[in-house]
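Here is the structure we will look at.
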Amino acid sequence: MDWRQLGFVVGLGLLAGLGFSTPAAYPQPVTEGGGGGRFFTGSHGDAFGCVSCHPAEGTVGLVLDGLPEAYQPGSTYTVTVTWPDEPRPVSVVAEWVDDDGFGVGRTRLAPESILEDEDRCASGSVAPALYDAEDERTVIGMPACGATQLRLQWTAPEADVGTVAFHLGAVGSDDSEDPSGDAVEQRSVNVAGPDAAAEGCSTGGRSTHLSLLLLLLGLRLRRNVTRGSSSCRRAPRGHVPSTRGR
Amino acid sequence: MRTWIRRVAVCGALAQIAACDAEDEATQTPAPDYDVFVRDVYPIVLRDCGMLTCHGVPERPFRVFGPGRLRADDDTPRFDPVTEDELWFSYQRTRSMLTHDGDVRSSLLLRKPLPGGGHRGVDAYGAPVYESRDDAAYRVLLDWALEEPWTGDSSDS
């Protein structure tokens, strides 16, 4: 073990000692001060968010990038979450769940080869980790270590499972070692299933090709084409799941 | 006039006492097993109820004490193991939430975390703490309150 690895281990140990300043405490037994399996991502699989303990005093200023409007089965998406490096160190938890609150797709840490300085702690280490939670959920957790960016990769399920959701909770610590005075931000983003993508504005796909074929046939028959050939139309509303039916 | 006011006041007081007596007769506060509470129920109410802005604040009648959350004694370090006093206080507070008027399942502890229970512990989807009586954690609370395994149907209220 070199000095860098040792520093990482010691750093994580110190963060674990601060309890809820790190998501690493959440899988620990609740009688030892852990979350007892709750990760407070705000998802309907967890049922609680950061504000369950941290009275929100300001927001963190999260910026999300890389989330598709609709997923394609089996496709992998790299999601980037960024936040300002001042004035507070930020910890983040996030997960993907389906309409019933169960984990969906496959969540992974971004490969080290694509990481940037912003992904690393002040010590230079890489802090995010994956945790298994009930209901087949995988939670990614980033302790407050000085990093200003979290990247993760999510592979969509192989089949259409309808709308899924990316849930994220972040706490900007004021270093008081208690929940007061911290900034809190909770985000939930719905990602529609592939059916919605097919019905949305697209330039490819079967319906477009069929429309073009009909148009060409129509022109050949020298008939007036009064209706447009584009498949572009508004995606249907109602992709937001109303309730969970677990 | 003074006599009339005095009569009304006396009648009101008597009526209030009668109402209180009637309420006391109708309501019951069970005392389920303390050891079962410590072993099975306490970790659940600490996890699912005792968050620091929920039932982990001193202002709430129902509050749960423990490591990482509200401490009964301000001098107790936040992550020190739970104390005997905290277990006992938590038991009494939890037990008080089982007060009912004939059916313990209508008590606040067993009614509020379920759908339609008027509880604030909901997520962005409006989901409650427990989806139904089939939830494993909820069943622990229910079995403890009933002092026997519950065999009813999840839709049975």
Got a sec? Which of B:57, B:41, B:64, B:45 is assigned to a loop (DSSP other than H, G, I, E, B), at pLDDT 95 or above and either within 14 Å of chain A (Cβ to nearest Cβ) or within 28 Å of residue A:22 (Cβ to Cβ) (or both)?
B:64
Extreme residue, modelled with the lowest pLDDT, among residues of segment A:1-55 that are among the polar types (S, T, N, Q) and either in a helix (DSSP H, G or I) or buried (at least 21 other Cβ atoms within 10 Å of the Cβ) (or both)
A:5
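Is one or more of the residues making up segment B:93-101 over 12 Å from residue B:145 (Cα atoms), modelled with pLDDT of 95 or more and either small (Gly, Ala, Ser) or not in a loop (DSSP other than H, G, I, E, B) (or both)?
Yes, that holds for at least one residue.
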Would you confirm, using the coordinates I've provided, whether residue B:57 is of a type in the set (Val, Ile, Thr) and over 29 Å from residue A:50 (Cβ atoms)?
no
Name the single residue that is nearest to residue A:49 (Cα to Cα) among those in segment A:139-195 being charged (D, E, K, R) and away from chain B (no Cβ under 12 Å).
A:185
Considering residues of segment B:24-65 that are surrounded by 14 or more Cβ atoms within 10 Å (Cβ to Cβ) and in contact with an Asp or Glu (Cβ under 6 Å, 6 or more places away or on another chain) only, the residue farthest from residue A:42 (Cα to Cα)
B:32
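The values are calculated or read from the model by the stated rules, or taken from the named source; none is laboratory data. Predicted model, so just to flag it, every value in this text is computed and none were measured. Heads up, the Cβs are rebuilt from the backbone with ideal geometry, glycines too, and the neighbour counts pull from every protein chain shown.
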